[in-house]
């Protein structure tokens, strides 16, 4: 099929705010986390979704993997409505869309060895017990970890190694699309570079479709071919990554770019930032 | 040159473990001049935050200072009584932490918390303390401060909370501000504003600042000098320009190269293989030797001394 692998059509997610009493008497307000977002992701796309807190970028991720349901609009996985898939197929579609989380230590069970964690994931995909061990070693190799990692517990690994295990677990399902929500932002910079290089290699070698959610424009520039800039639940700008970063048209994108630390050359008069902020508000 | 405002000599900090003391800060030396802004850059476990908590004598129950001297304005802080330290903290040396949420008391109004700091250090009336608190809040860019005194921390955004904490820090006109990753928990646009605010306060109030961060690019925007730490040691110390354009320690150079930038060529980032050393498993020689592409035999055996070379100091057997 040549259509988009993932499509969002007019997707809105709103949460009720206020006390129970407010809601009963109709005085509650709604917080719109995602506001009428339409988006198409083609197979093999590596897309960076950038925004600050409250931009709706993580809401978009949890909607796409089916962790929450939209208030309005439709999500299509390979042309099929996600809502129908969730009803009909008892979860078999879940294999096709996998997620890597920000905090690798809370995303892994602290009492399970890495080997057990990966073997259980492989079992979910129906890999027979006899080949699970070989597949586990192969998965670890794919993310740059040696077989000696297999018998370890998560706390015995560094943050970078744990994040690789999280990635191996997601890849164990042979997903069509991988969603990574700030996967490197809690890592030290030297480990961050390792994981970015790894993701970059995997997207090339496996032809993986990647939705990379980040607040870091420079990381997105290194990894992604397309960029989507979000603010307050809406897409404010999108396009080829290098084009958008070289010639941003939306003032918010311009503000984000000017806020990235640039070392000594980035020293600027405080007034410049103050006026940039007020022009967006 | 006049005496430095803060002088740290051979400072050691360790944690008490089952097998005795495990050292996390392993003998660091550096000083900060009056009005100078110094960045301390390093990854987790480098000892950057722990050494500054030691300066403030704010170590938790498990950590202790195992050696060295900390001299502030001629006074040995490690010999000072706890009562004397309480006078110094907040009045002469103030500290701002990473997470503004957990640094504020959620049950007290912002105004009450700033006023408490003022009254703890200055013999002023409540109305005078209130006036000083409003002045401090306005100074850090919190508009309508007299009305905002009544607000509670949850009513403030993350950036506003960090501004309120900086207001508390400067309310008593300290001579040294220690900011420990003050922007790491904030959005990038807010981060830029807070960095600008600290630069502005330094200029207007003549504050000396120690800015702790993992981000070399961010630090270079406001500091005069950068101290790079790794594995509980100072590995390089030089002017912001020298560190940015002509770093000589392999770790500093790689640390710069592995951060993606908005300019420059694309392609794989320079990666530092392996992970920072773990507490209690420090290699015998240079702590960076196991990950260093330049390392030779001696690097793994012996820690190089921190050698002064013109305006910078460097601890490396094979500086570049």
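Taken together, the values in this text are just the output of simple stated rules run on the coordinates, not laboratory data. Quantities reported herein were computed from a predicted structural model and do not represent experimental measurements. Note: ideal-geometry Cβ built from the backbone for every residue, glycine included; neighbour counts use all protein chains shown.
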Exercise. Tell me, B:92, B:237 in order of fewest to most beta-carbon neighbours within 10 Å?
Worked result: B:92, B:237
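Would you mind giving the mean number of other chain beta-carbons within 10 Å of the Cβ of each residue in B:261-269, as a whole number? Don't skip to the end; give the middle numbers.
On the way: counts 8, 11, 6, 3, 0, 6, 3, 7, 11.
Rounded to a whole number, the mean comes out at 6.
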For this session: Tell me what chain A gives for mean residue ellipticity at 222 nm when only DSSP H runs of n ≥ 4 count, each as -39,500 (n - 2.57), the sum divided by the residue total, rounded to 500 deg cm²/dmol.
Result: -11500 deg cm²/dmol
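Any idea what % of Cα-Cα pairs in chain B are farther than 26 Å?
In whole percent, the long-distance tail amounts to 49.
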Seminar exercise, completed: Rounded to the nearest 0.05, FRET efficiency between residue A:16 and residue B:184 (Cβ-Cβ, R0 35 Å) equals 0.60
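Give the dimensionless ratio obtained when the Cα radius of gyration of chain A is divided by 2.2 N^0.38 Å.
Numbers: Rg = 20.3 Å, N = 281, 2.2 N^0.38 = 18.7 Å.
The reported ratio for this selection is 1.08.
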Seminar exercise, completed: Using alpha-carbon coordinates alone, the radius of gyration and Dmax of region B:186-258 in Å work out to 13.0, 36
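Would you calculate the convex hull of the Cα atoms in region A:137-205 and tell me its volume per residue in Å³? All intermediate terms of the calculation are to be shown ahead of the outcome.
Values: hull volume 6.2 nm³, N = 69.
In region A:137-205, the Cα convex hull volume per residue is 90 Å³.
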Exercise. Most fluctuating residue of A:17, A:194, A:132 in a GNM of chain A with Cα springs under 10 Å: which is it?
Worked result: A:17
Exercise. Which of these, A:94, A:267, A:111, has the largest mean-square fluctuation under a Gaussian network model of chain A (Cα springs below 10 Å)?
Worked result: A:267
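Report D for region A:19-114 in µm² per second (integer): Stokes-Einstein, Kirkwood Rh on Cα pairs, 10 °C, 1.306 mPa s. Can you show the working numbers first?
Values: Rh = 16.3 Å.
D = 97 µm²/s.
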Exercise. Between region B:266-320 and region B:151-203, what's the alpha-carbon centroid distance in Å?
Worked result: 33 Å
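Report the equivalent ellipsoid semi-axes for region A:65-218 in whole Å, largest first, defined as the square roots of five times the eigenvalues of the gyration tensor built from alpha carbon atoms. All intermediate terms of the calculation are to be shown ahead of the outcome.
Values: eigenvalues 129, 83, 39 Å².
Rounded to whole Å, the semi-axes are 25, 20, 14.
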Exercise. If you rank B:116, A:243 by fewest surrounding Cβ atoms within 10 Å, what's the result?
Worked result: A:243, B:116
Problem set entry | Per-residue Cβ neighbour rank within 10 angstrom, fewest leading, A:59, A:131 | A:131, A:59
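Residues of A:251-263, mean number of Cβ from any other protein chain within 10 Å of their own Cβ, rounded to a whole number? Don't skip to the end; give the middle numbers.
Numbers: counts 0, 1, 0, 0, 3, 4, 2, 3, 8, 8, 17, 7, 15.
The shielding value for this peptide is 5.
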Exercise. Based on the inverse mean of 1/r over its pairs of different Cα atoms, what is the Kirkwood hydrodynamic radius of region B:151-301, in Å?
Worked result: 17.7 Å
For this session: Can you quote the Å³ per residue value for the convex hull of the Cα atoms in region A:129-281, rounded to an integer?
Result: 147 Å³
For this session: Could you work out which residue, out of B:281, B:248, B:202, moves most in a Gaussian network model of chain B, that is, has the largest mean-square fluctuation with Cα springs under 10 Å?
Result: B:281
Exercise. Rg (Å, one decimal) plus Dmax (Å, integer) for the alpha carbons of region B:1-146?
Worked result: 17.7, 55
Exercise. Hey, got the average number of other protein chain Cβ atoms within 10 angstrom for residues in B:184-195?
Worked result: 6
For this session: Evaluate the distance, in nm, between pseudo-label points positioned 7 Å from the Cα of residue A:243 and of residue A:83 along their respective Cα→Cβ axes.
Result: 3.3 nm
For this session: Evaluate the Kirkwood expression for the hydrodynamic radius of region A:173-220, namely the inverse of the mean inverse distance over all pairs of different C-alpha atoms, and round to one decimal in Å.
Result: 11.3 Å
For this session: Output the Cα-based Rg and Dmax of region A:19-69 in Å, rounding Rg to one decimal and Dmax to a whole number.
Result: 15.2, 49
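Just round it to a whole percent: the fraction of Cα-Cα distances in region A:102-148 exceeding 16 Å.
Working: 453 of 1081 pairs.
For region A:102-148, the fraction of Cα-Cα distances above 16 Å is 42 percent.
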For this session: Could you tell me how many degrees, from 0 to 90 and to the nearest 10, lie between the Cα long axis of helix A:129-142 and the main elongation axis, the longest principal axis, of the Cα atoms of chain A?
Result: 50 degrees
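Under the Kirkwood approximation for Rh and a Cα-based Rg, what ratio Rg/Rh is obtained for the protein assembly as shown? Mind showing how you got there, number by number?
Working: Rg = 25.7 Å, Rh = 26.2 Å.
The Rg/Rh ratio comes out at 0.98.
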Problem set entry | Three-way shape call for region B:29-88 based on the alpha-carbon gyration tensor, with the a/c threshold at 1.5 | oblate
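Hey, can you rank A:136-142, B:81-87, A:79-85, B:214-220 by average C-beta count inside 10 Å, highest first? Could the numbers behind the result be given before it?
Numbers: A:136-142: 18.7, B:81-87: 11.0, A:79-85: 15.4, B:214-220: 23.1.
Ranked by mean Cβ neighbours within 10 Å, highest first: B:214-220, A:136-142, A:79-85, B:81-87.
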Exercise. Okay, which of region B:9-29 sit inside 17 Å, backbone N to the point 7 Å along the Cα-Cβ direction of residue B:281?
Worked result: B:18-19, B:22-24
